[in-house]
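The block underneath contains the structure these notes are about, expressed in structure tokens.
The values are calculated or read from the model by the stated rules, or taken from the named source; none is laboratory data. From a predicted model like this one, the values you see are computed outputs, not experimental measurements. Neighbour counts run over all protein chains shown; Cβ positions are idealised from the backbone, glycine included.
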Amino acid sequence: MNKHSASLISVVIIDDDKSAIFALQNFLELMPEVVIRGTATTSQKAIRLIKEFEPDLIFLDIEMPGKTGFELLKELGKDLSRPNYKVIFHTAYDKYTIEALRESAFDFLLKPVKEPELKEAIQRFLKQQSLPQEPQKEASGLTLTQMVTLPTNRGLQFIPKADLVYAECQKSAFSLRSTWTVVLNNNQVIKLRPNCNAASILKHLGPEFFIPLSQSAIVNISYVSMVEYKTQSCYLFPPFDQKPLKISRQYLARLKERFDVI
């Protein structure tokens, strides 16, 4: 986390609706792992708060007077060369879900925010922060161990491993040939070359953080919320929880052997 205590999540709440701020505060103040550094109803005050306290987590409304939440983030991006915060958008309108994904939102909550959903988001944030982190590099960029090369029809595409959520093979209705696609955490979908298979993809990704679910699916373990034995399904954290990934019987047995402590 940022310059605050590693056991606490520092939070800033930004919303032009004071009642929405009050509701979030009431829930968050019941969580001992959260400390609220400030609240803002205008984008100007919000920017000052974020620069001053460098919060770990920002609860950000989207429809605000003057600047939208998306515009505020873009302005912050110009001023902060290496922002360390995560953003949870909260809004009364689900029409912004896709744009929130493009902005790499950590989560997306609909108003009125429900306490169980908020608790789940906080626990997921804590879990992500507890994962082993690669050392930060300077302007020279990421190391090769932090990157993955994806073979596409256009050539090789280099992306950070942490950005890759899962890879999936899909059969075309018009061809006998199967196509692998990769889904990134900004909702971008990358189509791989036709000659790819599960073994070659997993070899590129590495088995430390990527696990095969079948001959047709590979997932980044940091995005996995639950493996359900009965339905042989792998559920991901929001916002990638709309469609569970299927696990074959053979690979489910391997997952049990590797992770099940009982």
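Quick notes
- Filtered residue count, segment 117-160, keeping only those that are modelled with pLDDT of 55 or more, assigned to a loop (DSSP other than H, G, I, E, B) and over 27 Å from I9 (Cβ atoms): 2
- Count of segment 231-262 residues, restricted to those that are part of a loop (DSSP other than H, G, I, E, B), out of contact with any Leu (no Cβ under 8 Å at 6 or more places or on another chain) and over 30 Å from F108 (Cα atoms), is 3.
- Number of positions in segment 218-247 that are more than 26 Å from N197 (Cβ to Cβ), within 12 Å of the chain's Cα centre (by Cα) and among the hydroxyl-bearing types (S, T, Y): 1
- Restricting attention to segment 65-111, the residues that are in contact with a strand residue (DSSP E or B) (Cβ under 8 Å, 6 or more places away or on another chain), closer than 22 Å to A23 by Cβ, at pLDDT 80 or above and not in a strand (DSSP E or B) add up to 4.
- Segment 36-53 residues that are in contact (Cβ under 8 Å) with a residue 12 or more places away in the chain and assigned by TED's automatic domain parsing to the domain that holds Q25, paired with ones that are crowded, with 17+ Cβ neighbours inside 10 Å and acidic (D, E) (beta carbon under 7 Å, 6 or more apart): T41/D15
- Residue pairs whose Cβ atoms lie under 8 Å apart, separated by 6 or more positions or on different chains, with the first residue in segment 226-237 and in contact (Cβ under 8 Å) with a residue 40 or more places away in the chain and the second of a type in the set (D, E, K, R), are F237/R124.
- Residue tally, condition among the acidic types (D, E) and either touching a residue at least 60 places away in the same chain (Cβ under 8 Å) or touching a Pro at 6+ places or on another chain (Cβ under 7 Å) (or both), over segment 202-225: 0
- You will find that of K243, K203, the residue that is closer than 25 Å to I122 by Cβ, of a type in the set (D, E, K, R) and outside the structural domain of R124 (by TED's automatic domain parsing) is K243 and no other.
- Of all residues making up segment 18-51, the number that are acidic (D, E) and buried (at least 19 other Cβ atoms within 10 Å of the Cβ): 0
- Within segment 205-221, being surrounded by fewer than 15 Cβ atoms within 10 Å (Cβ to Cβ) and outside any loop (DSSP other than H, G, I, E, B) holds for one residue alone: I221.
- Of all residue pairs spaced 6 or more apart or on separate chains, those with beta-carbon atoms under 7 Å, a first member in segment 181-199 that is of a type outside the set (G, A, S) and a second member that is assigned to a loop (DSSP other than H, G, I, E, B) are T181/L192; V182/L192; N185/S104; N186/S104; R193/N153; P194/R177.
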